[in-house]
1. Rounded to the nearest 0.05, what FRET efficiency is calculated for Ser18 and Gln67 with R0 set to 25 Å and r the Cβ-Cβ distance?
2. Lysines within cross-link reach of Lys34: Cα-Cα under 19 Å, excluding same-chain residues under 8 positions apart?
3. Give the aspartates and glutamates reachable from Lys33 as a straight Cα distance under 16 Å; neighbours fewer than 8 places away on the same chain don't count.
4. Less than 19 Å apart at the alpha-carbon level, and either on another chain or at least 8 residues along: which aspartates and glutamates does that give for Lys182?
5. Leaving out ligands, DNA and RNA, what percent of the accessible area of the chain is carbon and sulfur, probe 1.4 Å?
6. Taking the Cα centroid of segment 1-62 and of segment 296-344, what is the distance between the two, rounded to the nearest whole Å?
7. Please say if segment 52-142 is rounded, prolate or oblate, where rounded means a/c under 1.5 for a ≥ b ≥ c the square roots of the C-alpha gyration tensor eigenvalues, and otherwise the choice is prolate for a/b larger than b/c and oblate otherwise?
8. Starting from 0.36 nm per residue, how many nanometres of slack lie between Lys270 and Lys52 once their C-alpha separation is accounted for?
Amino acid sequence: MIEQIKQLLNEVEMLRASNAEEVEALRIKYLGKKGIINALMSDFRTVPADKKKEVGMKLNELKNKVQENISALKEQFDSQDNNYDDLDLTRSAYPIKLGTRHPLSIIKNEIIDIFARMGFNIAEGPEIEDDWHVFSALNFAADHPARDMQDTFFIETDNADVRRNVVLRTHTSSVQCRSMEKTQPPIRIICPGRVYRNEAISYRAHCFFHQVEGLYIDKGVSFTDLKQVLLLFAKEMFGNDTKIRLRPSYFPFTEPSAEMDISCNICGGKGCPFCKHTGWVEILGCGMVHPNVLENNGIDSKVYSGYALGMGIERIANLKYRVNDLRLFSENDIRFLKEFEAAN
Ligand code: DAH
């Protein structure tokens with residue numbers, strides 16, 4: 001059998017045809033149901049076990065060669081057959097497949113859009129930060145637990161000074177400091193970006209995620225201004241019927257501080273498993289910028305006041321799109337990403 005295959009290999013090397021019909025005849029001869037290759041395939045069963053490997057490889061080689069050569073011949077006649085008189089130049093082009101925007105980008109852009117309409121500018125800062133901008137300038141005490149190894153990624157180095165000083169930012173609040181130290185008020189910025197925390201990855205926690213920080217500093221800024229902006233944001237983002245509620249909270253960089261809930265947009269506030277039957281879901285932290293933070297960043301706290309707010313983009317995406325496994329956002333599974341085609 002091996003001899004027969006070798007002979008056939010030589011033969012197919014020489015295959016010639018002068019028109020498409022001849023190619024088709026060759027295809028039937030070799031690759032047709034009752035063709036040579038199929039016949040060999042059924043003979044293959046009778047090959048003794050110790051020869052199977054060698055014969056099998058040769059047989060595959062032959063099959064590939066035949067397919068290759070016949071397609072090449074076919075192509076030759078296909079292209080020769082092109083009759084340019086038949087070309088329809090008025091036919092519209094094939095649609096070009098475009099990629100889709102990532103759901104987190106869609107949400108980020110929506111948030112930015114809403115704040116931009118209220119006069120906020122985009123500001124950005126580095127992801128590799130120093131302790132000052134992430135913690136100290138924001139009024140974190142030296143022994144604040146957020147600086148702990150469990151939360152913060154520190155840069156790995158033998159130099160102890162650098163090790164404690166260089167961190168991956170744990171929140172976008174650091175961009176507040178970067179902006180304040182560069183500019184005097186009025187400051188009205190929105191800061192989107194990626195943040196990092198040393199957490200075990202699960203459906204509800206990841207070692208990186210995304211936040212948007214808002215900051216407004218001017219003369220006479222009050223909590224009322226903050227509340228109004230928050231209400232407007234919630235209605236724009238989740239619909240006009242959305243209600244907000246502020247609960248007292250604590251952040252080192254704001255005083256007073258609050259957390260904002262919106263009426264659950266899944267059950268409309270009636271109570272469902274998503275809102276743990278409370279009718280409310282938490283979406284952001286906020287407050288009046290602590291005077292120490294203003295002073296730390298070169299702004300006179302007797303002249304100026306301001307508010308700040310911060311939210312997680314994944315959290316908003318979860319509420320809008322009901323994506324309840326955080327890991328989906330960074331796995332780059334095309335099937336998941338394609339689901340947001342219509343939202344682009
Ligand atoms: N930085 C906070 C966090 O990562 C979020 C935050 C809370 C930002 C209150 C603020 C704020 O600007 O006022 O959890």
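1. In this case the efficiency is close to 0.75.
2. Those lysines meeting the cut-off are Lys63, Lys65.
3. Straight-distance partners of Lys33: Glu24, Asp43.
4. Candidates past the 8-residue exclusion: Glu124, Glu127, Glu129, Asp130, Asp131, Glu213, Asp218, Glu295, Asp300.
5. On the chain, the fraction of accessible area on carbon and sulfur atoms equals 50 percent.
6. Centre-to-centre (Cα) distance: 60 Å.
7. Oblate, since a/c reaches 1.5 and b/c is not below a/b.
8. Full extension of this stretch gives 71.4 nm more.
The values are calculated or read from the model by the stated rules, or taken from the named source; none is laboratory data. Model, not experiment: these values are computed from the prediction. Quick reminder, even Gly has a Cβ in these numbers, built from the backbone with ideal geometry, and neighbours come from all protein chains shown. Calculation scope for accessible area: heavy atoms of the full protein, side chains included, ligands and nucleic acids excluded. Shrake-Rupley method; radii C 1.70, N 1.55, O 1.52, S 1.80 Å.
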